[in-house]
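Below is one structure, written out as structure tokens, with a few remarks after it.
Please treat every number below as a calculation from the coordinates, not as lab data. These numbers were taken from a predicted model, which means no experiment stands behind them. Quick reminder, even Gly has a Cβ in these numbers, built from the backbone with ideal geometry, and neighbours come from all protein chains shown.
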Amino acid sequence: MRIVRTVAELRALLDDERRAGRTVGLVPTMGYFHEGHASLMRRARDACDVVVVSLFVNPTQFDDPADLVAYPRDEARDASVAAVAGVAYLFAPEPAEIYPPGFATSVTVARVTEPMEGAQRGPGHFRGVATVVAKLFNIVQPHAAFFGQKDAQQALVVRRMARDLDFRLRVEVCPTVREPDGLAMSSRNVRLDADARRRAVALARGLEAARSRVLDGATNAVDVVATGRDAMRALDVEPEYFEVVSADTLEPVDPLAGELLVAVAARVGGVRLIDNVLVDAGAR
Ligand SMILES: Nc1ncnc2c1ncn2[C@@H]1O[C@H](COP(=O)(O)OP(=O)(O)OP(=O)(O)O)[C@@H](O)[C@H]1O
Ligand SMILES: CC(C)(CO)[C@@H](O)C(=O)[O-]
Ligand code: BAL
């Protein structure tokens with residue numbers, strides 16, 4: 001596996017790969033790899049001949065400077081995880097390579113960016129995500145790009161942007177990988193102390209309780225949300241938001257029907273976590 005620092009070098013390498021007839025898969029990340037990241041890399045390796053992983057803690061998507069400073073980093077360990085997963089190129093640029101002096105452009109996606117993470121983290125969050133992902137799509141020009149369902153709203157934002165801006169690639173969303181107790185893997189989990197780690201399972205428990213309530217026939221989102229919130233409070237965790245919405249548009253559904261996204265965010269011991277499940281209300 002080769003570590004690449006510049007756009008020019010990566011472009012030259014990938015031009016050679018494409019000339020040789022090989023397909024290219026891209027896995028965008030912010031590093032500090034766990035099994036969720038590795039599963040995306042393996043899926044990309046199965047689907048494409050050459051896998052590029054980008055490792056860039058994108059400053060423009062952090063509205064909270066403390067969150068950016070505290071974001072965990074370990075490039076050496078990440079490089080070995082990526083190599084084992086069969087990655088060909090680890091693109092790990094400095095911020096000035098992505099945002100050179102004079103940089104003045106951003107990509108704004110309307111509607112799906114507005115609720116949940118957009119409302120909590122501020123309008124800059126998804127603008128930062130969409131802008132850097134658009135740049136990565138243009139730099140790498142992959143045949144397919146792989147994202148995790150754990151960041152469900154981000155995946156919808158990326159799909160919307162790719163469709164609206166005519167990017168010629170397939171966006172694939174891969175299942176959430178969980179710890180044995182159900183906690184969704186996340187780079188930020190490393191910041192949980194022992195008590196917070198024990199209580200962090202509240203997000204998965206709340207989502208499971210809500211899913212059961214939908215599958216038991218609930219038609220009102222308010223009831224489902226109350227069930228989910230109660231299950232979380234049993235572990236002394238108060239959600240920032242707990243929503244049951246259309247999985248396609250993130251808009252309210254009343255009465256509950258079709259493919260639903262149940263999504264939650266909560267601070268546990270000072271660490272902000274998110275999680276979600278898809279529930280097919282048509283299957284009941
Ligand atoms: N548990 C997981 N299962 C599957 N995919 C995941 C999981 N966690 C993250 N991903 C995906 O990996 C990609 C890179 O995410 P990122 O580097 O931000 O990791 P992260 O663990 O989500 O970090 P954090 O949530 O702390 O920002 C994203 O597409 C994200 O959805
Ligand atoms: C997609 C992404 C790499 C953009 O910085 C980031 O939001 C992430 O890691 O999910
Ligand atoms: N994993 C989503 C990127 C972020 O938390 O900023």
Next on the checklist: What does the C-alpha gyration tensor say about the overall shape of the stretch 1-100? Classify as rounded when a/c is under 1.5, otherwise prolate if a/b is larger than b/c, or oblate.
Outcome noted: oblate
Checklist entry - Considering only A202, G148, V81, whose Cα is most displaced toward the positive end of the charge dipole of the chain, charges sitting on Cβ of Lys, Arg (+1) and Asp, Glu (-1)? => result V81
Next on the checklist: For the chain, take the longest principal axis of its alpha carbons; what is the angle in degrees between that and the long axis of helix 7-19, to the nearest 10 within 0 to 90?
Outcome noted: 80 degrees
Next on the checklist: Taking a cut-off of 27 Å, what percent of all Cα-Cα pairs in the stretch 92-216 are separated by more than that?
Outcome noted: 32 percent
Item to check | the stretch 165-214 shape via C-alpha gyration tensor axes, a/c threshold 1.5 | outcome: oblate
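Quick one: which of 9-21, 187-199, 84-96, 65-77 comes out on top by average Cβ neighbours within 10 Å, and what's the full order, highest first?
Highest-to-lowest ranking by the protection proxy: 84-96, 187-199, 9-21, 65-77.
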Checklist outcome for this item: A chain fully extended from V190 to Q141 at 0.36 nm per residue, minus the present Cα-Cα distance, gains in nm 14.4 nm
Checklist outcome for this item: Between the modelled labels at L215 and R233 (7 Å from Cα along Cα→Cβ) the distance in nm is 2.5 nm
Checklist outcome for this item: For the chain, averaging the sequence separation of alpha carbon pairs under 8 Å that lie six or more residues apart and dividing by its residue count, the contact order in percent is 16 percent
Next on the checklist: Run the simple label-point estimate for E114 and A257 please: 7 Å along Cα→C-beta, distance reported in nm.
Outcome noted: 2.3 nm
Item to check | Where the Cα pairs of the stretch 2-174 fall when distances are cut into 5 Å bins, in % | outcome: 1, 8, 18, 21, 23, 17, 8, 2, 0, 0
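Neighbouring Cβ atoms within 10 Å as the yardstick, rank V53, V4 fewest first.
With the sparsest Cβ surroundings first, the list reads V4, V53.
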